[in-house]
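Throughout, read-outs are computed from the coordinates displayed, never taken from laboratory work. Model, not experiment: these values are computed from the prediction. We place every Cβ from the backbone using ideal geometry, glycine too, and count neighbours over all the protein chains shown.
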Amino acid sequence: QVQLVESGGGLVQPGGSLRLACAASGSIFSILGMGWYRQAPGKQRELVASITNGGRTNYADSLKGRFTISRDNAKNTVYLQMNSLKPEDTAVYYCNLRTVSSNNWGQGTQVTVSS
């Protein structure tokens, strides 16, 4: 069983920054990649960014240049640096970890961008 623990969410003013972290533990074998998704009220969950085990990254087109995903393989931790935050970035952000045999989700962390 895989456990994903997210941290770093909160309330930030427009133009501010936040850094999310997601630490994975448990039965982690053959990781394909990790990533972040988000879900705003009334909307579907969408990809924010992902990173493969080899370090290849993928971003939602609308977020390129403001968000950066990174990973510490030794700690099985993935990070999401979010800059120049906008009110429309308000959502619950979910960590995702994919292995050859499973697709795992964290509980989510709330990010609210508001003045």
Next on the checklist: Could you work out how much longer the chain between Lys86 and Asn73 gets when fully extended? Use 0.36 nm per residue separation minus the Cα distance between them, nm to one decimal.
Outcome noted: 1.7 nm
Next on the checklist: Taking only the Cα atoms of segment 44-96, how large is their convex hull per residue, in Å³?
Outcome noted: 88
Checklist outcome for this item: The lysines whose Cα lies under 21 Å from the Cα of Lys86, excluding any fewer than 8 residues away in the same chain, are Lys43, Lys64
Checklist outcome for this item: If N is the residue count of the chain, its Cα Rg over 2.2 N^0.38 Å rounds to 1.01
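Where nothing but the Cβ of Lys and Arg (+1) and of Asp and Glu (-1) is charged, how large is the charge dipole of the chain around its Cα centre, in debye to the nearest 20?
Numbers: 11 positive and 6 negative charges, 28 e Å.
Charge dipole of the chain: 140 debye, to the nearest 20.
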Item to check | Segment Leu32-Gln1, length gained on full extension (0.36 nm per residue, minus Cα span) | outcome: 9.6 nm
Next on the checklist: For the chain, what does the relative contact order come out to in percent, with C-alpha contacts under 8 Å and a separation of six or more?
Outcome noted: 36
Checklist entry - Separation between the Asn58 and Arg45 pseudo-spin-labels, each 7 Å from Cα along Cα→Cβ, expressed in nm? => result 1.6
Next on the checklist: Using a 7 Å offset from Cα along Cα-Cβ at Val100, what residues in segment 1-24 end up with backbone N under 18 Å from the label point?
Outcome noted: 1-2
